[in-house]
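Remarks on the structure that follows.
Please treat every number below as a calculation from the coordinates, not as lab data. None of these values were measured; they are calculated from a predicted model. Counting neighbours? That spans all protein chains shown, and the Cβs are built from the backbone with ideal geometry, glycine included.
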């Protein structure tokens with residue numbers, strides 16, 4: 001299809017209006033379902049440093065993101081891991097259900113244990129991008145020890161201590 005002049009501008013405007021929503025349009029006053037993965041290698045967890053739409057600051061958390069309509073939680077975690085880390089993973093047990101309420105933001109977050117896929121060789125993660133926003137939202141990936149998680153202020157707080165001390169999952173939390 002070839003678009004010329006005003007028709008092309010109208011098409012671009014409609015495309016941008018539909019697909020390039022602002023943070024406020026996507027997240028404010030809506031309940032968002034998120035699926036996240038916790039990859040453990042030895043005594044370290046893979047963490048992601050990213051821009052938080054809630055705090056407007058960089059935070060350390062885990063790879064994951066919004067669940068698309070018709071997508072299962074497990075498929076969402078796998079997709080997010082590929083997008084943000086380049087890793088193909090298998091989804092394991094549910095670790096945490098966390099409800100985040102910081103008006104105007106509201107999210108229900110499901111954190112799953114994930115494992116390197118048995119069908120692919122173990123690789124190092126690479127920083128990917130976040131198609132919902134843009135690559136500027138993702139800053140770094142790092143495997144971190146329990147002590148580093150405490151020092152960096154991982155979110156949610158559950159992963160600073162409770163995760164390491166509990167054998168009973170899933171845990172439900174609200175903050």
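Computed quantities for the displayed model
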quantity	calculated
Cα→Cβ-extended label distance, 7 Å offset, between residue 33 and residue 97, nm	1.2 nm
Neighbour-count order for 159, 81, 143, fewest beta carbons within 10 angstrom listed first	143, 159, 81
Cα convex hull of the stretch 26-174, projected area averaged across orientations, nm²	8.5 nm²
Cα shape, the stretch 86-133, gyration tensor, a/c 1.5 rule	oblate
Pairwise Cα inverse-distance average, inverted: Kirkwood Rh of the stretch 45-84 (Å)	11.1 Å
